[in-house]
Amino acid sequence: MSRILDQRILLLVISFSASVQSTKVLSEWKKCGDPECEKAISRVQATTDYLGPDCRYLNFKTGEEIMVHSKLSRENENLWTGSKGKDFGYFPRDAVKVEEVLIGEEVEVLTKETDFLCLHEDKYTFE
């Protein structure tokens, strides 16, 4: 019985560790097109295929168009957030080229914990 309890505790610890990793704050700050981060900043085109490390990242193929909604700043300026169709997530800025700038002046705002959760079918996933 003790061995089964030990295995369950181990599984709980592993599950918790995976949850903490998937909700890790990638940056305290981000740049947006407006203070509420509702407007798209730019339209970009993928210059390479990209497959993200977890469900918070946007996967795409070379040539696909992506709408950029925000850009992480300060600690992690390489990651932008964007959407293609119904898919939304982070991607490296060096995997795309800017096709059209939609907002000339960006606003820097604090990120929220919900910025770093997985979004599936209009619902946040807590792993």
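The values are calculated or read from the model by the stated rules, or taken from the named source; none is laboratory data. Nothing here was measured: the structure is a model prediction, and the numbers come from that model. Every residue, glycine as well, gets a Cβ built from its backbone with ideal geometry; the counts of neighbours run over all protein chains shown. We work out accessible area using only protein heavy atoms, side chains counted, and drop any ligands, DNA or RNA first. Shrake-Rupley method; radii C 1.70, N 1.55, O 1.52, S 1.80 Å.
Brief remarks follow.
- In nm, spacing of pseudo-spin labels at residue 38 and residue 101 (7 Å Cα→C-beta vector): 2.4
- Structure note, pairs 39/61; 24/71; 24/61; 84/112; 61/97; 61/86: Cα-Cα distances above 20 angstrom occur for 39/61; 24/61; 84/112.
- Here the range 26-105 exposes an accessible surface that is 45 percent carbon and sulfur, computed with a 1.4 Å probe and the other protein chains kept in place.
- Relative to the current alpha-carbon distance between residue 114 and residue 59, full extension at 0.36 nm per residue lengthens the span by 17.8 nm.
- For the range 26-105, the per residue solvent-accessible surface stands at 54 Å², with DNA, RNA and ligands left out and a 1.4 Å probe.
- Given R0 = 22 Å, the distance between the Cβ atoms of residue 49 and residue 24 translates into a calculated FRET efficiency of 0.35.
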